[in-house]
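See structure below.
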Ligand SMILES: *Cc1c(COP(=O)(O)O)cnc(C)c1O
């Protein structure tokens, strides 16, 4: 489908104005995204716009539960609402399954992120989703790292799955996009209303690029994931590296649940360089092939020191997050070994 660049349409047809009804292109994208999960899909201008639309569903005075390890944009959104008196926030460790199940009885929004950013913790979604929930409560899962190809939260019992389409769906670091998928049409409609109010509708060009990205998602993810599976144990064995966080490694605290729940372990990993911040910064400067850049899920590998980001100072200072791309695995390994301290 060509990108139909239009803001408004001849009246009497299926759509009048693109902020509300989108374009033919956004509808085509939503049809494909919904088909992937056998669900209703709604595209947003960014992943954060999709997250904000979910948070807008909860009433004033609500309790929101977030994981300890969570995308900093969502943490900022939750904190800002808390400061304005809109809700209270409870933080729980991703792997504290029993505590999440207990919180489900009283919370209004359970926001999970699995695997988590940047420690790659996997939540036991099936058990948490099965716990009795307060009536009207929403269980949301940020599925950005897994993509619907590796994990389908709605099938595991979540009410809404959110993704930053900027990452794996786009896959080429050239667009911003968000996605929310739901089992219920009513929840989809309510999110769509929020999207219209806030003007968080994606542009026609972004929808076109996202659809083109989706055509190669399975190829890109398979290749990047194979690369990550090869690199993770090599990094673990490297004398300059203290720890590797990758759910595919038996040493990862949530490896067992990851193996049971995910179709693949994904292409995101993080590792801690001996020597802390200074040593890790030197790695960032020394890389030649891997890009020293934020974001993830693209064809090119990107790496950044997460504790250098404002609000992320709680992370180990030498922790580097690596989004493994589709380059030749041996080229990636050669780049890492030449940049790591010897
Ligand atoms: C990038 C990201 C987001 C936010 O998505 P944007 O498209 O940047 O707004 C949310 N969650 C996770 C896990 C992300 O990596």
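What the table below lists for this structure:
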| item | result |
| --- | --- |
| Flag if residue 185 is surrounded by fewer than 16 Cβ atoms within 10 Å (Cβ to Cβ) and under 30 Å from residue 131 (Cα atoms) | yes |
| Failed criterion for residue 266 (all others in (1) buried (at least 21 other Cβ atoms within 10 Å of the Cβ); (2) part of a helix (DSSP H, G or I); (3) out of contact with any strand residue (DSSP E or B) (no Cβ under 9 Å at 6 or more places or on another chain) hold) | (2) |
| Unmet criterion (only one of (1) closer than 24 Å to residue 184 by Cβ; (2) in a loop (DSSP other than H, G, I, E, B); (3) in contact with a helix residue (DSSP H, G or I) (Cβ under 8 Å, 6 or more places away or on another chain)) for residue 1 | (1) |
| Test: residue 123 is outside any helix (DSSP H, G or I) and closer than 25 Å to residue 177 by Cα | yes |
| Which numbered condition residue 139 fails, given (1) buried (at least 20 other Cβ atoms within 10 Å of the Cβ); (2) away from the ligand (no atom under 13 Å from the Cβ); (3) assigned to a loop (DSSP other than H, G, I, E, B) | (3) |
| Some residue of the stretch 313-323 being within 14 Å of residue 117 (Cα to Cα), out of contact with any strand residue (DSSP E or B) (no Cβ under 6 Å at 6 or more places or on another chain) and surrounded by 16 or more Cβ atoms within 10 Å (Cβ to Cβ) | yes |
| Complete set of residues in the stretch 74-99 that are surrounded by 15 or more Cβ atoms within 10 Å (Cβ to Cβ) and without any contact (Cβ under 8 Å) to a residue 12 or more places away in the chain | 96 |
| Failed criterion for residue 321 (all others in (1) away from the ligand (no atom under 16 Å from the Cβ); (2) touching a helix residue (DSSP H, G or I) at 6+ places or on another chain (Cβ under 6 Å) hold) | (1) |
| Conditions (1) away from the ligand (no atom under 16 Å from the Cβ); (2) outside any loop (DSSP other than H, G, I, E, B): number failed by residue 134 | (2) |
| Residues located in the stretch 38-70, provided they are away from the ligand (no atom under 16 Å from the Cβ) and either within 23 Å of residue 105 (Cα to Cα) or surrounded by fewer than 20 Cβ atoms within 10 Å (Cβ to Cβ) (or both) | 38, 57, 58, 59, 60, 61, 62, 63, 65 |
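Here, each number is a calculation from the coordinates, and none is a lab measurement. Since we're looking at a predicted model, the values are computed, not measured. Virtual Cβ from ideal backbone geometry, glycine too; neighbours counted across all protein chains shown.
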